[in-house]
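A.B. asks: Sharing a structure below in structure tokens format, with a few things to ask.
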2 protein chains.
Amino acid sequence: MAGNGGRRVRLDDVAAAVGVSPASVSLVLRGAPGPSAETRARVLEAAQRLGYRPDRAASLLARRRSRLIGLLIDVRSPFHADVAEHLQDAAEARGYDLVLSTITRSRGEDRAVETLLDSRCEALVLIGPDAPVARLSELAATVPLVLLCRRLDPPPAPDRPRPDVVRTADESGTALAVDHLHGLGHTAIAYVDGGPGTVAQDRRDGYLRAMTARGLEPRVLPGHGTPPGTEIIGIRAAEALLAEGELPTAVVAFNDRVAVGLLDALARNGVDVPGRVSVVGYDDDPLARMAHVGLTTVGQDTAGLAGRAVEAVVARLDGDRAGAGPEQVLEPYLTVRRTTAPPRPSG
Amino acid sequence: MAGNGGRRVRLDDVAAAVGVSPASVSLVLRGAPGPSAETRARVLEAAQRLGYRPDRAASLLARRRSRLIGLLIDVRSPFHADVAEHLQDAAEARGYDLVLSTITRSRGEDRAVETLLDSRCEALVLIGPDAPVARLSELAATVPLVLLCRRLDPPPAPDRPRPDVVRTADESGTALAVDHLHGLGHTAIAYVDGGPGTVAQDRRDGYLRAMTARGLEPRVLPGHGTPPGTEIIGIRAAEALLAEGELPTAVVAFNDRVAVGLLDALARNGVDVPGRVSVVGYDDDPLARMAHVGLTTVGQDTAGLAGRAVEAVVARLDGDRAGAGPEQVLEPYLTVRRTTAPPRPSG
DNA sequence: GCGGGGTTTTAAAGCGCTTCAACCAGGAGT
DNA sequence: ACTCCTGGTTGAAGCGCTTTAAAACCCCGC
């Protein structure tokens with residue numbers, strides 16, 4: 001079809017082929033109002049025939065608005081990947097495009113954000129960024145900013161610019177887990193903590209509150225250590241519990257990786273799950289879904305998060321601030337799989 | 001510092017501030033030869049002071065060459081992520097920039113490739129793409145193309161354009177595994193197959209050849225089923241072996257996920273690994289590295305793959321075709337962890 | 001047959017940067 | 001004294017598209 005002599009087909013080529021001005025072609029190709037049905041058809045046909053593909057750089061440069069949303073993503077995180085996918089779709093639906101910038105070992109958040117800004121992004125979405133509140137606030141002064149899964153704690157001074165926040169109610173997540181277990185008949189429910197950070201804090205608080213509300217005795221196993229939120233923490237927690245002789249009948253873990261460590265250590269010590277101990281994770285990681293793991297876990301509504309994030313961006317950018325508060329909190333949901341069951345009748 | 005009144009700082013602003021022409025500023029900022037040391041210093045100072053950030057779209061448009069390499073990436077694959085990271089660095093070192101395009105459920109390879117092309121990428125790198133050879137060949141006619149971890153099989157007609165190929169010698173990888181096990185004293189070594197595709201084929205061939213070369217009896221367990229290359233396959237294979245009563249003393253798996261399924265099913269059935277059976281995976285997945293898995297596995301040299309890919313691109317683009325053949329094959333390496341040991345003295 | 005209202009079309013001015021030919025000083029060479 | 005360099009510098013022409021104001025057109029009714 002194409003691939004013929006040398007140069008790439010330009011807008012002008014299409015215009016010439018049809019016998020109209022480049023302006024008309026531009027209008028038609030972007031579906032802008034103006035051109036008549038007939039012109040429209042002829043232009044489309046010619047563009048198709050010549051294999052015309054608009055040049056994004058040129059279009060971007062000429063356009064008054066870029067309609068670009070920058071997303072900072074840690075390419076190794078399945079959760080980030082999932083959010084990215086949904087953001088892609090949500091953005092597209094609103095007429096925006098997504099630009100990805102990966103953060104890697106050799107490329108910190110700041111660096112990645114710069115790239116995004118240089119690419120003319122009109123707004124930025126950051127997923128659980130590490131940057132301190134002050135830095136985020138400063139950035140929010142430059143460009144509309146949405147924080148995904150990251151509370152602002154401590155909140156910036158009220159006169160300082162404030163990023164929008166879209167997150168999951170992590171405190172409800174662990175409460176959900178406790179509910180589920182309590183509903184099954186468990187009363188001795190332990191919790192394995194995450195590292196520092198607002199997310200870990202929220203999940204722990206949710207657990208504590210839910211336990212207290214039910215008149216149950218909370219028991220938090222420490223989650224610090226390097227690195228937090230990994231299998232090792234789960235293994236250590238399991239070992240600590242086993243050393244005591246008396247196991248709780250259920251354990252809620254800060255996240256799925258911790259839960260997997262827990263499961264593994266328990267299995268090695270001949271402790272049946274869910275027969276002897278029930279385990280609940282958090283994140284609904286691909287890990288948890290793996291057939292042979294079948295971890296009961298708390299999931300986040302990634303599609304919802306992505307959708308709200310885009311809405312927040314659009315609200316700022318297109319100014320139709322409709323009902324969107326500065327912080328949006330979505331409810332997590334529980335996915336019951338095979339690691340939870342009623343406690344074994346004691347004996 | 002910046003963030004002051006309205007508009008973004010442009011090249012012209014810097015030029016005006018220093019009192020030189022925009023042309024000079026452009027030269028200085030790109031480190032191009034020409035400007036004197038003094039001009040250079042003054043421009044740099046002013047740019048810094050004004051917080052100037054070049055506009056990529058404009059720069060891209062004006063530049064004769066884009067120096068952009070497009071990478072197609074499945075954002076959920078840790079292997080892709082790893083390669084991307086190394087490519088980023090390798091490209092940068094050669095003065096190129098990487099543009100990422102993710103392939104998702106709602107966004108196939110073709111779509112992602114188009115985005116890349118529209119972004120003015122001068123060359124494309126695809127990691128193990130699904131597209132048929134004909135399509136790849138066609139694409140290679142449009143733009144320099146490097147295939148990572150994907151052989152061209154069957155090879156396109158000799159007169160057709162041919163993508164460069166950079167891959168791991170998968171046939172040596174499984175041979176390495178067999179070597180290792182044989183060296184430990186194993187003779188009954190089974191293999192769990194992957195799905196269709198050249199990679200699975202190579203790995204199987206490597207196993208078969210290595211076994212035959214050592215006068216050992218090969219035993220291939222089927223790897224087809226949906227989806228191939230996942231834990232389920234490993235579980236099924238383990239069940240099949242257990243059903244027979246007589247277990248081999250070692251098993252090589254098509255990849256780590258299969259190996260993990262295998263490990264899990266064995267553990268559930270009280271089979272000690274590596275006491276009773278040794279297991280070797282392939283890919284050196286994060287999964288394999290997890291503390292509690294400790295899977296002995298064959299790893300690919302992702303940094304090397306990325307480096308070669310960039311070299312291939314540069315060779316095509318900058319025309320210094322130095323020593324680079326159309327297909328480059330890197331050797332895999334074995335990482336011994338805790339799932340392999342000498343076979344238990346029979347009895 | 002002409003002014004008026006609406007619909008289509010287009011000329012032209014950029015978007016912010018790069019590039020390249022031309023230009024300019026101030027030595028060196030003859 | 002005059003030409004020839006040569007390293008520095010710059011004016012101006014784009015890159016391929018969007019956008020806007022204005023032109024062109026068409027159909028009416030008077």
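FYI, it's all coordinate maths here, none of it is from the lab. As the structure is a computational prediction, the values presented were derived from the model and not from experiment. Counting neighbours? That spans all protein chains shown, and the Cβs are built from the backbone with ideal geometry, glycine included.
A.B. asks: Using the charge dipole of the range A:1-111 (Lys, Arg: +1 at Cβ; Asp, Glu: -1 at Cβ; taken about the Cα centre), state which of A:Leu71, A:Pro33, A:Ala58 has its Cα farthest towards the positive end.
C.D. replies: Final value for the positive-end residue is A:Ala58.
A.B. asks: Moving to a separate point now. Suppose we keep just the DSSP beta bridges with both residues in the protein assembly as shown; what percent of those would be antiparallel, to 5?
C.D. replies: Around 10 percent of the beta bridges assigned by DSSP in the protein assembly as shown are antiparallel ones.
A.B. asks: Here is a follow-up. Would you tally the net charge around B:Asp74, using a Cβ to Cβ cut-off of less than 11 Å, leaving B:Asp74 out, and scoring K and R as +1, D and E as -1?
C.D. replies: That works out to 0.
A.B. asks: Take every DSSP beta bridge with both residues inside the range A:83-231 and express the antiparallel ones as a percent of the total, to the nearest 5.
C.D. replies: So the antiparallel bridges amount to about 10 percent of the total.
A.B. asks: While we're here: Does the protein assembly as shown classify as rounded, prolate or oblate by the C-alpha gyration tensor (a ≥ b ≥ c root eigenvalues; a/c under 1.5 gives rounded; else a/b over b/c gives prolate, otherwise oblate)?
C.D. replies: Since a/c reaches 1.5 but b/c is at least a/b, the shape of the protein assembly as shown is classed as oblate.
A.B. asks: Taking Cα centroids, how far is the range A:4-39 from the range A:331-346 in Å?
C.D. replies: Centre-to-centre (Cα) distance: 60 Å.
A.B. asks: Distances in nm, one decimal, shortest first, from A:Leu242 to the same residue in every other copy, taking the label point 7 angstrom along Cα→Cβ.
C.D. replies: Those label-point separations list as 2.0 nm.
A.B. asks: Would the range A:131-242 count as rounded, prolate or oblate if I go by the C-alpha gyration tensor, calling it rounded below 1.5 in a/c and otherwise prolate when a/b exceeds b/c, oblate otherwise? Before the final figure, lay out the partial values.
C.D. replies: On the way: a/c = 3.21, a/b = 1.90, b/c = 1.69.
Note, shape of the range A:131-242 comes out prolate.
A.B. asks: Suppose a student asked you for the relative contact order of the range A:213-308, using Cα pairs under 8 Å spaced at least 6 residues apart; what percent would you report?
C.D. replies: 23 percent
A.B. asks: Then there's this: Which whole-number percentage describes the relative contact order of the range A:87-201, with Cα contacts under 8 Å and a sequence gap of 6 or more?
C.D. replies: On the way: 106 pairs, mean separation 19.3, N = 115.
It rounds to 17 percent for the range A:87-201.
A.B. asks: Please get the size of the charge dipole for the range A:190-347, origin at its Cα centre, with Cβ charges of +1 on Lys and Arg and -1 on Asp and Glu, quoted in debye to the nearest 20.
C.D. replies: 340 debye
A.B. asks: What does the charge dipole of the protein assembly as shown about its Cα centre add up to, to the nearest 20 debye, if the Cβ of each Lys and Arg holds +1 and the Cβ of each Asp and Glu holds -1? Could you put the intermediate results ahead of the total?
C.D. replies: Working: 82 positive and 88 negative charges, 334 e Å.
Computed about the Cα centre, the dipole is about 1600 debye.
A.B. asks: Determine the calculated [θ] at 222 nm for chain B from helices alone, applying -39500 (n - 2.57) to every DSSP H run no shorter than 4 residues and normalising by the residue count; nearest 500 deg cm²/dmol.
C.D. replies: -13500 deg cm²/dmol
A.B. asks: Can you give the FRET efficiency for A:Asp118 and A:Glu327, using 1/(1 + (r/R0)^6), R0 = 41 Å, r = Cβ-Cβ distance, to the nearest 0.05?
C.D. replies: 0.90
A.B. asks: Let me ask something additional. Which of A:Pro132, A:Pro248, A:Ile233 sits farthest toward the positive end of the charge dipole of chain A, with +1 on the Cβ of Lys and Arg and -1 on the Cβ of Asp and Glu?
C.D. replies: A:Pro132
A.B. asks: Does the range A:53-130 classify as rounded, prolate or oblate by the C-alpha gyration tensor (a ≥ b ≥ c root eigenvalues; a/c under 1.5 gives rounded; else a/b over b/c gives prolate, otherwise oblate)?
C.D. replies: oblate
A.B. asks: Among residues other than A:Ala341 whose Cβ falls under 15 Å from its Cβ, what is the net charge (Lys/Arg +1, Asp/Glu -1)? Intermediate results must be reported in sequence, preceding the final value.
C.D. replies: On the way: positive: A:Arg276, A:Arg337, A:Arg338, A:Arg344; negative: A:Asp272.
Its environment carries a net charge of +3.
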